Amino acid sequence: MERTFIAIKPDGVQRKLAGEIIRRFESKGFTLVGLKFLKVSRELAEAHYDVHREKPFFSGLVEFITSGPVVAMVWEGEGVVAAARKLIGATNPLTAEPGTIRGDFGVNIGRNIIHGSDAVETAQREISLWFKDEELVNWQPHLMPWLHE
Ligand code: DAT
Ligand code: MG
């Protein structure tokens, strides 16, 4: 079953949006398989955003993501990587569609509340960067027959 890495960034935590965000993933029908609350080290932040290392916003991004605690999660489900990106919305909250997390709660690209992996391979890389195998829980939610034919 497909898995994706989701992180509620320091702005989302400070703005008390963690519960609302988790509710949206649960309501959609995805399964939580990993969750932790942590202050991100500079090393982890730089590794996570390695593809953006040469971008002008890289240092500000690392400062921001290490500035307060984040909620790191792994969610599982059919097509969860692409579906999570849809729930999250476009990178810039000003242009993100209403109904998406960024569209409903944000206004600035540098404070866009949440991270979600952009592809299945990226998700695998990010999950192994943020979580040890034993921190992920394999379980069968009882509502599966009501979500899948
Ligand atoms: P996404 O988080 O939607 O995958 P991304 O991978 O292109 O977006 O960029 C990673 C993060 O970097 C993004 O969530 C916010 C920040 N960012 C991207 N483009 C930016 C810009 N032009 N100015 C400031 N921050 C930016
Ligand atoms: Mg990205």
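General remarks:
- The range 37-115: trypsin sites (Lys or Arg not before Pro) in DSSP coil with no more than 12 other Cβ atoms inside 10 Å: 53
- For the range 28-80, the list of GluC sites (Glu not before Pro) that fall in a loop by DSSP and count at most 14 other C-beta atoms within 10 angstrom reads 54, 78.
- Karplus (6.51, -1.76, 1.60) ³J(HN,Hα), θ = phi - 60°, over the range 134-149, in Hz, Gly and Pro reported as x: 6, 8, 9, 10, 8, 8, 10, x, 5, 7, 3, x, 8, 9, 10, 7
- Of interest is the spacing of the C-alpha centroids, which for the range 1-22 and the range 76-94 amounts to 12 Å.
- 1.4 Å probe accessible area per residue over the range 3-136, in Å²: 50 Å²
- In Hz, Karplus ³J(HN,Hα) per residue of the range 43-50 (6.51, -1.76, 1.60; θ = phi - 60°; x = Gly, Pro): 4, 5, 4, 5, 5, 4, 9, 3
- Diffusion coefficient, µm² s⁻¹, Stokes-Einstein with Kirkwood Rh over alpha-carbon pairs of the chain at 10 °C and 1.306 mPa s: 101 µm²/s
- Using a probe radius of 1.4 angstrom, the carbon and sulfur fraction of the accessible surface of the chain is 54%.
- Annotation: amide H of residue 67 has no partner in the under-5 Å range at sequence separation 5 or more or interchain, hydrogens built in the peptide plane.
- Taking the chain as the region of interest, the number of lysine pairs whose Cα atoms are within less than 13 Å, with members eight or more places apart or on different chains, is 4.
The values are calculated or read from the model by the stated rules, or taken from the named source; none is laboratory data. All of these numbers come straight from a predicted model, not from anything done at the bench. Don't worry about glycine lacking a Cβ; one is built from the backbone with ideal geometry, like all the others, and counts go over all protein chains shown. Surface areas here come from the heavy atoms of the whole protein model, side chains and all, with no ligands, DNA or RNA. Shrake-Rupley method; radii C 1.70, N 1.55, O 1.52, S 1.80 Å.
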